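For reference, the structure discussed in these notes is given below.
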Amino acid sequence: MATAAAQRTARADGTAEADAAAHEALFDAAIAADERIEPRDWMPDAYRTTLIRQIAQHAHSEIIGMQPEANWITRAPSLRRKAILMAKIQDEAGHGLYLYSAAETLGTSRDELLDKLHAGRQKYSSIFNYPTLTWADVGAIGWLVDGAAITNQVPLCRCSYGPYGRAMVRICKEESFHQRQGYELLMALSQGTPEQHAMAQDAVDRWWWPSLMMFGPPDDESAHSAQSMAWKIKRHSNDELRQRFVDASVPQAESLGLTLPDPELRWNEERGHYDFGPIDWTEFWEVVKGNGPCNEQRMTQRRRAHDEGAWVREAAAAYAAKHKGATGAADGPARAAGGPSAQQAGESGKA
Ligand code: FAQ
């Protein structure tokens, strides 16, 4: 029996008239067979919309996520720490680029996504609306925030949509370095002077609960999980990944000589997991709605950075136009600047 991929190729070779039901059946078969959906394949509109929503939110998180740590570049305590921090922040910009590119394969454009972010019509992760008050926060972000990001993102390497899954492979490798640098930074502080130890503990106290919130609302309040899991975009539920993160973090905190700020945290022999206390979902939704400690500051800075970068975009477009005229090359720069419209992308799948 032909695999779903072979059937899709056959369709492209000669059975293009297949109706919507047949397209859907092939799509469902590909998902069931754990095959990848690629940009030119037919896909349900809702699958495309969900992917654009999640990938855009992810991309926005990467670039807004540069701000809290960038706050400490000029105050890093040594040249080594400064070089590490700059490399990490640059990696986050790169992650944003891979992700915007992945979203563009779905028929949207980076400009469109950024416009929506700036207009408050698309979200970014709640975690980046908290302030970085001390140098230890850089360590806590690396250990906890990047640690939570890896827990969430490793399963996304197996996302059913090819470009997103492939982008996640490299992102996860880099996140792994980010997590380790944060852990090592906190270890140095924890084993340092009593003041340094206290600073590390204070940072962990402030970042622990917001890190647990990164995984999204509890499963019974997660609007998209069931459908996203059926489509194999998400491979695990929000609560499953949150639990996995807690289980991994407890022994790491012990090795660091730091405590996690949860009196209800204890090993549950029966479940084979750590139990933990209730999460303040009111706080989470307030932050998501725009009322967190730094929402306004993050968005103001983002819009300013975008406006100040206008000349770079104009220069790149002028260069691309000049280059196109000189070589006759049509699609490279033009595609990077815009990407196909949703309509075009949808139609190309039928060709
Ligand atoms: N913040 O139905 P669900 C990083 C929204 S890591 C804000 O459960 P879904 C690395 C959600 O959009 C951070 N909003 O949604 C880094 C939905 O609203 P909508 C980024 C949230 O999509 C480290 C509503 O709540 N990582 O950047 C949050 O199935 C250090 C209902 O929620 C990713 O984006 C939240 N935390 O599951 C960078 C990973 N959670 O859209 C710099 C990819 C939920 O209907 C420095 N994304 N909402 O208006 C995902 O895995 C998923 O989208 C989840 C949410 C798990 C985040």
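The values are calculated or read from the model by the stated rules, or taken from the named source; none is laboratory data. Only a predicted model underlies this, so the values are computations on that prediction, with no experimental measurement involved. So basically every Cβ, Gly included, is an ideal-geometry build from the backbone, and we count neighbours across all protein chains shown. Just so you know, the surface numbers come from the protein's heavy atoms only, side chains and all, with ligands and any DNA or RNA stripped out. Shrake-Rupley method; radii C 1.70, N 1.55, O 1.52, S 1.80 Å.
Quick notes
- Every condition in (1) touching a Gly at 6+ places or on another chain (Cβ under 9 Å); (2) in contact (Cβ under 8 Å) with a residue 40 or more places away in the chain is met by M66 except one, and the failing one is (2).
- Candidates in region 93-142 are the residues that are over 20 Å from P163 (Cα atoms) and free of Cβ contacts under 8 Å to residues at least 60 places away in the same chain; of these, the one that is surrounded by the most Cβ atoms within 10 Å (Cβ to Cβ) is G142.
- Criterion: in a helix (DSSP H, G or I), crowded, with 18+ Cβ neighbours inside 10 Å and among the acidic types (D, E) - qualifying residue of E24, E69: E69
- Single residue of region 34-66 satisfying the filter (open to solvent by less than 20 Å² (accessible area, probe 1.4 Å) and more than 16 Å from the chain's Cα centre (by Cα)) that is nearest to the ligand (Cβ to nearest atom): Y47
- Taking first residues from region 192-204 that are closer than 19 Å to G142 by Cβ and partners that are open to solvent by 60 Å² or more (accessible area, probe 1.4 Å), the Cβ contacts under 8 Å between residues at least 6 apart in sequence or on separate chains come to H197/Q191; Q201/T259; A203/L133; V204/T259.
- For S225: the one exception among (1) touching a residue at least 24 places away in the same chain (Cβ under 8 Å); (2) within 24 Å of A32 (Cβ to Cβ): (1)
- Checked against (1) under 24 Å from R75 (Cβ atoms); (2) open to solvent by 30 Å² or more (accessible area, probe 1.4 Å), N152 passes all but condition (1).
- Verdict on M187 being assigned to a helix (DSSP H, G or I) and within 11 Å of the ligand (Cβ to nearest atom): no
- Helices (runs of 4 or more DSSP H) fully within region 194-301 counting 1 or more residues that are open to solvent by less than 20 Å² (accessible area, probe 1.4 Å), more than 11 Å from the ligand (Cβ to nearest atom) and of a type outside the set (K, R): 194-213, 238-256
- Condition check for A315: free of Cβ contacts under 8 Å to residues at least 24 places away in the same chain, surrounded by fewer than 16 Cβ atoms within 10 Å (Cβ to Cβ) and not in a strand (DSSP E or B): yes
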